[in-house]
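A short write-up of the structure that comes next.
Read the figures in this text as sums done on the coordinates, not as results from a lab. Quantities reported herein were computed from a predicted structural model and do not represent experimental measurements. Glycine also receives a Cβ, built like all others from the backbone with ideal geometry; neighbour counts cover every protein chain displayed.
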Amino acid sequence: MPGWIVPPPREPLKGRGELQREREEKVRWLVRHGFLRSERIKVAMLKVRREDFIPLLYRDYAYQEVPLPLPGESATISCPHSYPLFYEALGLDEGHRLLEVGLGSGYGAALAREIVGDSGLVVSLEIDPLTFDFARQNLAAVGYRDIVLVNADGGLGWPELAPYDRICVTAACPQVPPPLVEQLVPGGLLAAPVISAEGQDLVLVEKRETETSSRVVCQVLYVSLRGKFGEE
Ligand SMILES: C[S@@+](CC[C@H](N)C(=O)[O-])C[C@H]1O[C@@H](n2cnc3c(N)ncnc32)[C@H](O)[C@@H]1O
């Protein structure tokens, strides 16, 4: 995990009550620092227990601003602020059809499921089979059975259920994979960390009827995208 100092693994000591207080404090912190504005995203972040998506030996660090390692090749659960950072930029809302590239722990998919509600759809793709199994078990254990989970190269998207209103890429790519833009509806938005000369930019792409536009939201730091549209 380049650039991040990951705390050492240790047996978990914190109980549910303590973690709930930390979750509530984290949400207040995200609001205070301007990461979290929408009520639906706030409600989702209060409801979904991040600790349920973290390997046991890192569970006590669930609400620290640090990505934590997951089973699989260089997979991480991103730091807490990155979820509202992406979902606010995307304007993720009730009824949206969301495609996530990089399921990781399943936490982002669970939050998205709460945000889009019963009238929306969440499809999440994960390339690493070990990470995929970890997320699938996490989501099943906490009762999310209506997220479409696919163990595949997310750079290719998932045309079977396209088009999508929103696409969220959670691994850094040299360029936004063209199949993902193709699978967006006109008027749809895509957020992705894109590798630049200085590091990585969170890029927001808007697809219109005849053209697409993009703008940089801020600098970010993500693990690299693998597969066809990855670095090698
Ligand atoms: C920062 S983590 C994702 C965090 C995740 N959203 C969560 O809530 O835990 C990035 C993930 O993208 C996955 N990944 C990398 N390249 C991929 C690809 N081409 N297709 C699908 N997943 C990919 C990695 O294995 C890793 O699990």
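Taking the highest mean first, how do the peptides 185-193, 7-15 order by number of other beta carbon atoms within 10 angstrom per residue?
Details: 185-193: 19.9, 7-15: 11.1.
Those peptides, ordered most packed to least, come out 185-193, 7-15.
Extension gain, GLN20 to VAL185: 0.36 nm times the residue separation minus the Cα-Cα distance gives 55.6 nm.
Annotation: amide H-H contacts under 5 Å for VAL122 (H modelled 1.01 Å from N, sequence separation of 5 or more, or interchain): LEU98, VAL148. Distance between the 7 Å Cα→Cβ label points at LYS47 and SER224: 3.8 nm. Remark: segment 130-142, residue by residue, has Karplus-estimated 3J(HN,Hα) of 5, 5, 4, 5, 4, 5, 4, 5, 4, 5, 5, 5, 9 Hz, where x stands for each Gly or Pro and the curve is 6.51 cos²θ - 1.76 cosθ + 1.60 at θ = phi - 60°.
Among THR131, THR210, the order by Cβ neighbours within 10 angstrom, fewest to most, reads THR210, THR131.
Dividing the summed -39500 (n - 2.57) terms of all DSSP H runs of n ≥ 4 by the residue count of the chain sets its mean residue ellipticity at 222 nm at -8000 deg cm²/dmol.
Per-residue Karplus couplings for segment 195-204, computed as 6.51 cos²θ - 1.76 cosθ + 1.60 with θ equal to phi - 60°, are listed in order as 6, 10, 4, 8, x, 9, 10, 7, 9, 10 Hz, Gly and Pro entered as x.
Just subtract the alpha-carbon distance of SER214 and ALA152 from 0.36 nm times their residue separation and send over the number in nm, one decimal.
Numbers: separation 62, 0.36 × 62 = 22.32 nm, distance 2.63 nm.
Gain on stretching SER214 to ALA152: 19.7 nm.
Backbone amide hydrogens, once placed in the peptide plane, bring LEU68 within less than 5 Å of ILE77, excluding anything fewer than 5 places away on its chain.
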